[in-house]
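What follows is a set of notes on a single structure, which appears directly below.
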Amino acid sequence: MATWNTGWEIGFPAETADEILLALVVRDLIHGASYDVESEETGVEFAVDYSAGDELEDGSYHLLLMAEVDGPEDAALVQSFTEQAVEELLEEAEALVAERTALAELPLENVRFEVVPEDEERWDLVIPDWLAPDDAEVPFGFRSFDTTSGEPAPDNATLDAHGRVVAVPFDGRVFFVAIPAPVEHEHSENED
C-alpha cells in the first residue's frame, strides 16, 4: 500500500469562549486519532492517522487537520470519511462541553507559556497552539504558568482530578475548564 498525506483547514466560529472551547475539544479528539476504514460501496480499504493544529484569526478558529493515509490515493474518499469523522467528533465534543466545570480564570497577562521536558508533558491539558512558545512541540510540549506564583496553572493535582482541562483564551483572560475524559473508540469504520 502507498502512504500519502493530505490536509484541510476547517473553520469554526470563535466569537465566544464557549465556541473556542468547543473547537479546542474537537481538536483534542481528532489529534492522534487513527482509523482503519473499508468503503461499503467499493470495498476500498485504507488506514488514516490524523494530527491537528490550530490558529485564531479574525474571530474564527481554524482547525488545521493533517492526514497520513495508507492505501490507494483517493483524496475524495478520504475527504468524505474525514467529514463524517469530524461531524461525529463534533457531536461528542458538544456532549463533553455540556458537562464542563469551570475551574479558574486568570488575566492572559498573568499566564506565561513555557516549554516543559517530555516527562512533564500533560496529555490531559489542552492549550491552543497559538499560545505555544516558538520552540515548543505542540500540542503537549508546553504548559501554562501563573506569573504571580510561578506555579503551573492548573497544577498537577487539578489535572489529575479531571478527564481533560482546556485552557480557553478569550477577551484578555484564560479560562480553565474541565471536561470528562473522552470515550475510547474502536477506530475501525465502514464508510457509506
Lone unmet requirement of (1) modelled with pLDDT of 95 or more; (2) open to solvent by 50 Å² or more (accessible area, probe 1.4 Å); (3) aliphatic (A, V, I, L, M) for ALA2: (1)
query: Scanning for something assigned to a strand (DSSP E or B), open to solvent by 20 Å² or more (accessible area, probe 1.4 Å) and not polar (S, T, N, Q), does the stretch 25-43 turn up at least one residue?
result: yes
Test: PHE145 is out of contact with any helix residue (DSSP H, G or I) (no Cβ under 8 Å at 6 or more places or on another chain), hydrophobic (A, V, I, L, M, F, W, C) and in a strand (DSSP E or B): yes
statement: Among residues of the stretch 75-111 being buried (at least 16 other Cβ atoms within 10 Å of the Cβ) and not in a helix (DSSP H, G or I), the residue nearest to the chain's Cα centre (by Cα) is ARG100
task: Among the residues of the stretch 109-141, write down those that are touching a residue at least 60 places away in the same chain (Cβ under 8 Å), more than 16 Å from LEU21 (Cα to Cα) and in contact with a strand residue (DSSP E or B) (Cβ under 9 Å, 6 or more places away or on another chain).
output: VAL111, VAL138
field: Number of the exception - GLU9 against (1) over 30 Å from SER149 (Cα atoms); (2) touching a His at 6+ places or on another chain (Cβ under 8 Å); (3) buried (at least 18 other Cβ atoms within 10 Å of the Cβ)
entry: (3)
message: Of the residues VAL183, VAL165, only one is outside any helix (DSSP H, G or I), in contact with a helix residue (DSSP H, G or I) (Cβ under 6 Å, 6 or more places away or on another chain) and either of a type in the set (Lys, Arg) or in contact (Cβ under 8 Å) with a residue 60 or more places away in the chain (or both); which?
response: VAL165
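The values are calculated or read from the model by the stated rules, or taken from the named source; none is laboratory data. This one's a predicted model, so the numbers in the text were calculated from it and none came from an experiment. FYI the Cβ positions are ideal-geometry reconstructions off the backbone, even for glycines, and counts take in every protein chain you see. Protein only, heavy atoms only, side chains kept; ligands, DNA and RNA dropped before computing areas. Shrake-Rupley method; radii C 1.70, N 1.55, O 1.52, S 1.80 Å.
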